[in-house]
Amino acid sequence: MAVIRPFRALHYGRDVVGDLAPVIAPPYDVIDDAHWQRLFDRSPFNVVRLILNRAPDPYRDAAKTLASWWHQRVIIADEAPCLYYYVQNFELPNGEARERRGLMGAVRLERFGEGTVYPHERTFPRAKEDRLRLVEACRTNLSPIFGVYPDRADTLLPAERRRATEAPWIDLIDEFGQRHRLWRLARSADIAPIMAALRDAPVFIADGHHRYETALAYRDQRRAGGETDPDAPHQFVLMYLASMDDAGLVILPTHRVLRELPHEPSRNWIERLHAYFEVLEFPLSDAGAADLTARLDDRSVPTLGVRVADRNALLLLRLRDPHALESVLAALHPSLRSLGVTVLDALILRHILSVDCTAAAQSGALTYTHRDSEALEAVTSGRAAAAFLMRPPSMREVQEVCLAGQTMPQKSTYFYPKLLSGLVFHSLDDSPQFAV
């Protein structure tokens, strides 16, 4: 059974909308209040009005908005089923130029552990409930899930040939200066070899775990109601697939920022770290921070950076002996024990500081950032008690965890850059059913 298949995408009608740059947005979960307002004000058709509606009844209002756009031909359907070749050009934080290539299509939904789709992170229940109510109302996948697959030789060759001979169907520069291009692949000569190359390939979810689990729950609802056709659209989900060997596949670190330290467990907690870590001090300066973050790239042993409000130094923690963790992390699979994010979340936060990471994240006591400077500044400014810096897991480590049937802690990875919402949508009905 093919992992991916073409579909008739819903998309913005440029005869009505014009330039697409004002109507697209990043995924809902990286949009803060100020960014939301900018997107909302940018265009009456910005996709944020669907993916992150803020009306009193956001799900009903998103569905009404989508229906209105459909009837106004703001949103239209492609004439034929296609795969969509999606190329992103971007710069890394250090200014290095990269290009990431992948395909968007409809991927058959499978329960984790029962097929070839694997998660790598745990999820938050509240976010899944929110996304389920949205898909129930709109009956549409509004944003693509990001998946990766082990390299298959020449998978993208038909798409590259199309790219070499045709102008892109969509070509835009987003607000961050990143270029996004899409080519439609509608010919069987292009689609068939891609589907054959990806048939039964394992797919590892890089980003969008909540939306994938939501799609499964929605599929099961439709099945329970008697809609059991295995090829119906609700049996599939909109997904972008990139090769794990793509030079543009980038994982950024996800640092932890703790608003306050628990009173009792925090006594002498730095001293307790010495039982597990070699603790090195760096000056509390820009040069010291640069030296510390450079040392985080050492992959020979789990290594973490720490900034604490009441200490006049930055700390670098290097695990002394992995075997010393066995008593604390004995319940965890070996593929997880050597990960920096596991050492931080399970040993330091949960075991030494008695922080319930899930509850702290949902209450806002524990927050996340991908910028070293932002994490350190939160402590310097007094907005946080401690910041923990780490290196990102490698793609090999992600694959090992997935194939072992395990999941990393929440917010372990940040695949950069994000995929845009608003390029194409996937209707969960054979014919879109939008009623104003």
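The values are calculated or read from the model by the stated rules, or taken from the named source; none is laboratory data. All figures in this text were calculated on a predicted structure; none of them were measured in a lab. Cβ placement follows ideal geometry from the backbone for every residue including glycine, while neighbour counts extend to all protein chains displayed.
Being assigned to a strand (DSSP E or B) and within 25 Å of residue 214 (Cβ to Cβ) is the filter here; which residues of the range 137-176 pass it?
Passing the criteria: 140, 141, 145, 146, 147, 148, 149.
Closer than 30 Å to residue 309 by Cβ and in contact (Cβ under 8 Å) with a residue 40 or more places away in the chain - does that describe any residue in the range 417-426?
No: zero hits.
All but one of (1) farther than 24 Å from residue 296 by Cα; (2) in contact with a Gly (Cβ under 8 Å, 6 or more places away or on another chain) hold for residue 356; which doesn't?
If we test residue 356 against (1) farther than 24 Å from residue 296 by Cα; (2) in contact with a Gly (Cβ under 8 Å, 6 or more places away or on another chain), just (2) comes out false.
Looking only at the range 100-149, which residues are in contact with an Asp or Glu (Cβ under 8 Å, 6 or more places away or on another chain), under 30 Å from residue 64 (Cβ atoms) and modelled with pLDDT under 95?
123, 127, 128 - these are the residues of the range 100-149 that are in contact with an Asp or Glu (Cβ under 8 Å, 6 or more places away or on another chain), under 30 Å from residue 64 (Cβ atoms) and modelled with pLDDT under 95.
Scan the range 38-79 residue by residue and report those that are closer than 21 Å to residue 9 by Cα and among the hydroxyl-bearing types (Ser, Thr, Tyr).
Passing the criteria: 65, 68.
If residue 360 satisfies every condition in (1) in contact with a strand residue (DSSP E or B) (Cβ under 9 Å, 6 or more places away or on another chain); (2) free of Cβ contacts under 8 Å to residues at least 24 places away in the same chain; (3) small (Gly, Ala, Ser) but one, which is the exception?
Failed condition: (2).
Does residue 347 satisfy being touching a residue at least 40 places away in the same chain (Cβ under 8 Å) and closer than 22 Å to residue 314 by Cα?
The answer is yes for residue 347.
Residue 387 fails exactly one of the following numbered conditions: (1) surrounded by fewer than 20 Cβ atoms within 10 Å (Cβ to Cβ); (2) under 28 Å from residue 294 (Cβ atoms); (3) in the same structural domain as residue 307 (by TED's automatic domain parsing). What is the number of that condition?
The failed condition is (1).
Please state which of the following conditions residue 381 fails to meet, knowing it meets all the rest: (1) out of contact with any strand residue (DSSP E or B) (no Cβ under 8 Å at 6 or more places or on another chain); (2) touching a residue at least 12 places away in the same chain (Cβ under 8 Å); (3) not basic (Lys, Arg).
Going through (1) out of contact with any strand residue (DSSP E or B) (no Cβ under 8 Å at 6 or more places or on another chain); (2) touching a residue at least 12 places away in the same chain (Cβ under 8 Å); (3) not basic (Lys, Arg) one by one, residue 381 breaks only (2).
Quick check on the range 296-303. Is at least one of its residues modelled with pLDDT of 90 or more, within 32 Å of the chain's Cα centre (by Cα) and acidic (Asp, Glu)?
no
Return yes or no: is residue 218 more than 30 Å from residue 339 (Cβ to Cβ), surrounded by 15 or more Cβ atoms within 10 Å (Cβ to Cβ) and either at pLDDT below 95 or among the aromatic types (Phe, Trp, Tyr) (or both)?
Answer is yes for this residue.
So which residues in the range 342-358 are farther than 18 Å from residue 330 by Cβ and out of contact with any Leu (no Cβ under 6 Å at 6 or more places or on another chain)? First the steps, then the outcome.
Step one: list which residues in the range 342-358 are farther than 18 Å from residue 330 by Cβ, which gives 353-358.
353, 354, 356, 358, listed by residue number.
For the range 314-330, enumerate the residues that are surrounded by 15 or more Cβ atoms within 10 Å (Cβ to Cβ) and either at pLDDT below 90 or touching a Lys or Arg at 6+ places or on another chain (Cβ under 9 Å) (or both). Lay out the reasoning, then the answer.
Step one: list which residues in the range 314-330 are surrounded by 15 or more Cβ atoms within 10 Å (Cβ to Cβ), which gives 314-320, 322, 325, 328-329.
Residues satisfying the conditions are 314, 315, 316, 318, 319, 320, 322, 325, 328, 329.
Being without any contact (Cβ under 8 Å) to a residue 12 or more places away in the chain and closer than 15 Å to residue 201 by Cα is the requirement here; does residue 114 meet it?
In short, yes.
Which condition breaks for residue 256 when tested against (1) of a type outside the set (Gly, Ala, Ser); (2) over 22 Å from residue 374 (Cα atoms); (3) buried (at least 18 other Cβ atoms within 10 Å of the Cβ)?
(2)
Would you mind telling me which numbered condition in (1) modelled with pLDDT of 90 or more; (2) out of contact with any Lys or Arg (no Cβ under 8 Å at 6 or more places or on another chain); (3) of a type outside the set (Lys, Arg) residue 397 fails?
Condition (1) is where residue 397 drops out.
I need a count of the residues in the range 92-120 that are among the acidic types (Asp, Glu) and crowded, with 21+ Cβ neighbours inside 10 Å. Talk me through it step by step, then tell me what you get.
Let us first name the residues in the range 92-120 that are among the acidic types (Asp, Glu), namely 96, 99, 110, 114.
The next check asks that each one be crowded, with 21+ Cβ neighbours inside 10 Å; those that pass are none.
So the count comes out to 0.
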